[in-house]
1. Looking at the stretch 261-274, is at least one residue charged (D, E, K, R) and in contact (Cβ under 8 Å) with a residue 40 or more places away in the chain?
2. Checking the structure you have, find out if any residue of the stretch 353-374 is of a type outside the set (Lys, Arg), within 18 Å of the chain's Cα centre (by Cα) and within 29 Å of Ala447 (Cα to Cα).
3. Quick one: is Leu422 over 17 Å from Val456 (Cβ atoms) and touching a strand residue (DSSP E or B) at 6+ places or on another chain (Cβ under 7 Å)?
4. Does Val344 meet the test of being closer than 19 Å to Asn207 by Cβ, in contact (Cβ under 8 Å) with a residue 40 or more places away in the chain and among the aliphatic types (A, V, I, L, M)?
5. Output the number of residues of the stretch 150-191 satisfying the condition of being charged (D, E, K, R) and not in a loop (DSSP other than H, G, I, E, B).
6. Which is more than 20 Å from Tyr214 (Cβ to Cβ), assigned to a loop (DSSP other than H, G, I, E, B) and modelled with pLDDT of 90 or more, of Leu330, Leu302?
7. Can you pull out every residue in the stretch 308-324 that is in a helix (DSSP H, G or I) and within 17 Å of Ser350 (Cα to Cα)?
Amino acid sequence: MKSTAIAIQQDQQRARRAAMAFVTMLAVAFALVLAQVTLANAQARPQTFADLAEQVSPSVVNITTSTTIAGRTGPQGLVPDGSPFEDFFNDLDRGPGEGTRRSSALGSGFVISADGFIVTNNHVIEGADEILIEFFPGGEPGVPAELIGTDPNTDIAVLKVDLENLPFVTFGDSNGPGSRVGDWVMAMGNPLGQGFSVSAGIVSARNRALSGTYDDYIQTDAAINRGNSGGPLFNMDGEVIGVNTAILSPNGGSIGIGFAMSSAVVTNVVDQLIEFGETRRGWLGVRIQDVTPDMVDAIEGLDMARGALVTDVPPGPAENAGMLAGDVILDFDGVAIEDTRELVRIVGNSPVGKEVPMAVLRDGEMTDLTVILGRRETSEAVAFPASTEPEAPEQAEILGLTLSEITPELTDQFSLTVEQGLVITAINPESEAASKGLLEGDVITEAGQQAVATVVDLEAQIEAATEAGRKSLLLLVRRGGDPRFVALVLEE
């Protein structure tokens, strides 16, 4: 019996030792895994940008331009007076004086092909008589460049030098994994005329708009200063995801808020400039505005503020496709449309002549349309055909507005450009209509997405909206030649 108890005790001790050994082994394994994860995370943060800088530097260039200036004194930026970039970015200008003089300015650029195509900003070379390219130290100095084409809308220009077998860089995906907010980026260029320089930071924000129709900027805290204009913004794979264009600064120096036009915009522009020497953007041919939250209840079938609300359909591609004022464009070429800015960018990046499917919300139901895009650069505004003669004028006070049908006297008084609708002749200053910016002389041409020519028409639409349980009514208001939708709360 005693030997049996000893044997049991020994077995228990062996079991405890085996369990302890197993636990120790698990702890060691866990520590190894944790160490590997920590090492991987440490490796994700670059210890140096030297290898990347060495890889891409030969493709980055300095740009010197010369311009003949008459009758101006003092320093002058290359950004033209009145340019949307004037408040953001002024490049260097040297040689102040009086009378006719030669002004020289500096900027940056980068080579995108072995046969010498170079991308920079339009404002770097605008108005230049001579453009010289300086390659990375050890490369060709002072090489004359030919201007291939420019696009002021995106501030992009393409140059060409007569050289072969040049080192070049490629564009990356500015909407891809390496371009997320927080990802590392590196900027290169010629800041303040000091020569080739590298700065690094992160993507601070994406899809920024400054003042242009096609704006899609990457915001970065990588140091960008005057002279960096036209230089590349690289991801960590050495791909160009943006063209450094602007800074936001109270003193002209970097404060960590720089903007690079995204490669998603630039690549299409560059391809067109190289092929045609100009841009050829798609054109839908509508006037649009954003859907605001207060309009949602007034638009049947809309669940949230999204899409692009059509305010006018002049003769053109959209009219040919059957689009109507009051349609809400929710899908264009398979892409859900969030707002007007997104629609404009997608249409502009679409090829001229492309047949595009669209989905619009009309009278509470989805309608499929197909449009053949025209070309924006050659399209001109077309006046609307004259409508029918107005009936005898009526007046009424509705929703804080004093309204009158159009008369020759009102047409002369307010310089009206439409012949049918209700003219606002007075506004209650305490009304919602006044708070939303309506003015005397504005003309209401639609209510509830139906044309109104008389007071009776408007009253009928108010009654229909009330019976449908709507709390607000959508009005199409024209001021001069510009239409916009306004939602007004219906009186209880």
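The values are calculated or read from the model by the stated rules, or taken from the named source; none is laboratory data. These numbers come from a predicted model, not from an experiment. Cβ: placed from backbone, ideal geometry, glycine included. Neighbour counts: every protein chain shown.
1. Going through the stretch 261-274, the residues charged (D, E, K, R) turn out to be 271.
Those still in the list that are in contact (Cβ under 8 Å) with a residue 40 or more places away in the chain too: none.
Looking for residues that are charged (D, E, K, R) and in contact (Cβ under 8 Å) with a residue 40 or more places away in the chain, one finds none in the stretch 261-274, hence no.
2. Within the stretch 353-374, the first condition is being of a type outside the set (Lys, Arg), and the residues that meet it are 353, 355-361, 363-374.
Applying the additional criterion that residues be within 18 Å of the chain's Cα centre (by Cα) yields none.
Checking the stretch 353-374: not a single residue is of a type outside the set (Lys, Arg), within 18 Å of the chain's Cα centre (by Cα) and within 29 Å of Ala447 (Cα to Cα).
3. Numbers: over 17 Å from Val456 (Cβ atoms): no; touching a strand residue (DSSP E or B) at 6+ places or on another chain (Cβ under 7 Å): yes.
Against the criterion (over 17 Å from Val456 (Cβ atoms) and touching a strand residue (DSSP E or B) at 6+ places or on another chain (Cβ under 7 Å)), Leu422 does not qualify.
4. yes
5. Residues of the stretch 150-191 charged (D, E, K, R): 151, 155, 160, 162, 164, 173, 180, 183.
Imposing the further condition that a residue be not in a loop (DSSP other than H, G, I, E, B) reduces the set to 151, 160.
Residues in the stretch 150-191 being charged (D, E, K, R) and not in a loop (DSSP other than H, G, I, E, B): 2 in total.
6. Numbers: Leu330 fails: assigned to a loop (DSSP other than H, G, I, E, B).
Criteria check complete, one pass: Leu302.
7. Pro317, Ala318
For (1) closer than 14 Å to Asp294 by Cα; (2) touching a strand residue (DSSP E or B) at 6+ places or on another chain (Cβ under 9 Å); (3) not in a strand (DSSP E or B), each residue gets a yes or a no:
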| position | (1), (2), (3) |
| --- | --- |
| Ala453 | no, yes, yes |
| Leu458 | no, yes, yes |
| Gln461 | no, yes, yes |
| Ala465 | no, yes, yes |
| Gly469 | no, no, yes |
| Leu475 | yes, yes, no |
| Leu488 | yes, yes, no |
